[in-house]
Amino acid sequence: MGSIDQSALPYIQTNPKIIFFTDFDGTITLKDSNDFLIENLGYGVEKRKARNEDVLTGKSSFRDAFREMLDSVKPGFAECIQVLKDNMKLDPYFTEFYNWAKEHNVPIVVVSSGMVPIISGLFEVLLGHKPDPKHLTIVANEVESRDGKDINTPGGWQIKYHDESHFGHDKSLEIKPYAALPADKRPTLLYAGDGVSDLSAAAETDLLFAKKGHDLIRFCEREGMPFTVFEDWSSILATTKDIYEGKVSVKSVAEAGLENAQ
Ligand SMILES: [Mg+2]
């Protein structure tokens, strides 16, 4: 079977039927935590939107624009995390999904363009406990000192990208080894997301749950990507349960999804 060492793939160690990959900001949380930092503690909404536009029109890479936006956020890192803990909210049904997935041996893998310490800090407060690392894994960028300063002093931190890709974190890297597994070893791979950075990752999976009212849906239609629309995690949970119990196939969900969207 070539180069994949199956014994080294962490999310299939317990032989799950399903692995659930998901975006974090705007998908598990109601608002985007990075946007919140930039708009409230950095250079504000106008400049953020202008730089976003530069990425969309190809004037700037996401990697460079996002670093610049975060560099405008001056408070120390601990203060940033605290402000986010006070302002971010989880999707009201995510905790229920988390508990069901844990009981049914469905690993959750959070793949994010954000930073690991922020995501784990928010989970701890919003779930009410630290996520079980055997059950939920966070794959994202890190944070590091800027110019040798303490990260908790003003201007003391910067984002440390996960890899060399245009996005800073190529979310598809974590999924590809699982997508390449032989059929008898390969769990069903699901993905939930709301942004265009989720597209390449979702393309590796069997079905994308795309958040209602976002651009992602148009892209899916155009690219012929199997998807279904969700409003919150209650519908993700219901559909994942049906797939888990064999009541529906991912194919039938995607066909119905396309029909509903049209
Ligand atoms: Mg998102």
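The values are calculated or read from the model by the stated rules, or taken from the named source; none is laboratory data. What you see is a predicted model; the values in this text were computed from it and never measured. Note that we place each Cβ from the backbone using ideal geometry, even for glycine, and neighbour counts take in every protein chain shown.
Before moving on, here are some points about what is shown:
- Unique residue being more than 25 Å from residue 97 (Cα to Cα), more than 17 Å from the chain's Cα centre (by Cα) and either in contact (Cβ under 8 Å) with a residue 12 or more places away in the chain or within 16 Å of the ligand (Cβ to nearest atom) (or both) when the list is 221, 164, 259: 221
- Residue ID - farthest from residue 251 (Cα to Cα), chosen from residues in the range 208-218 that are assigned to a helix (DSSP H, G or I) and more than 13 Å from the ligand (Cβ to nearest atom): 218
- Residues located in the range 22-72, provided they are among the basic types (Lys, Arg) and touching a residue at least 12 places away in the same chain (Cβ under 8 Å): 31, 47, 48, 51, 63, 67
- Of the residues contained in the range 191-206, none is found to be more than 16 Å from the ligand (Cβ to nearest atom) and over 21 Å from the mean Cα position of the chain (by Cα).
- Meets criteria (assigned to a strand (DSSP E or B), within 16 Å of the ligand (Cβ to nearest atom), over 22 Å from residue 219 (Cβ atoms) and in contact with a strand residue (DSSP E or B) (Cβ under 7 Å, 6 or more places away or on another chain)) for residue 138: yes
- Enumeration of residues in the range 11-31 that are crowded, with 20+ Cβ neighbours inside 10 Å and not β-branched (Val, Ile, Thr): 11, 20, 21, 23, 24, 25
- Counted residues, the range 5-17 - those being of a type outside the set (D, E, K, R), on the phi < 0 side of the Ramachandran plot and assigned to a loop (DSSP other than H, G, I, E, B): 4
- With respect to the stated conditions, residue 21 fails to be within 16 Å of the ligand (Cβ to nearest atom), aromatic (Phe, Trp, Tyr) and at pLDDT below 95.
- Within the range 163-185, tally of residues that are among the aromatic types (Phe, Trp, Tyr) and under 18 Å from residue 197 (Cα atoms): 1
- Filtered residue count, the range 171-207, keeping only those that are part of a loop (DSSP other than H, G, I, E, B) and either among the aliphatic types (A, V, I, L, M) or farther than 20 Å from residue 254 by Cα (or both): 8
- Per the listing 253, 248, the residue uniquely of a type in the set (Val, Ile, Thr) and touching an Asp or Glu at 6+ places or on another chain (Cβ under 7 Å) is 248.
- Test result for residue 54, away from the ligand (no atom under 15 Å from the Cβ) and among the acidic types (Asp, Glu): yes
- Output for the range 128-168, where each listed residue is at pLDDT below 95, buried (at least 16 other Cβ atoms within 10 Å of the Cβ) and not polar (S, T, N, Q): 131, 167, 168
- When the helices (runs of 4 or more DSSP H) confined to the range 18-129 are screened for residues that are hydrophobic (A, V, I, L, M, F, W, C) and over 30 Å from residue 245 (Cβ atoms), those reaching at least 2 such residues are found at 33-41, 45-56, 62-71, 77-87, 116-127.
- Considering the conditions (1) at pLDDT below 95; (2) farther than 30 Å from residue 188 by Cα; (3) under 19 Å from the mean Cα position of the chain (by Cα), residue 31 is excluded by exactly one of them, (2).
- Residue match in the range 235-250 (condition: surrounded by 13 or more Cβ atoms within 10 Å (Cβ to Cβ), in contact (Cβ under 8 Å) with a residue 12 or more places away in the chain and part of a strand (DSSP E or B)): no
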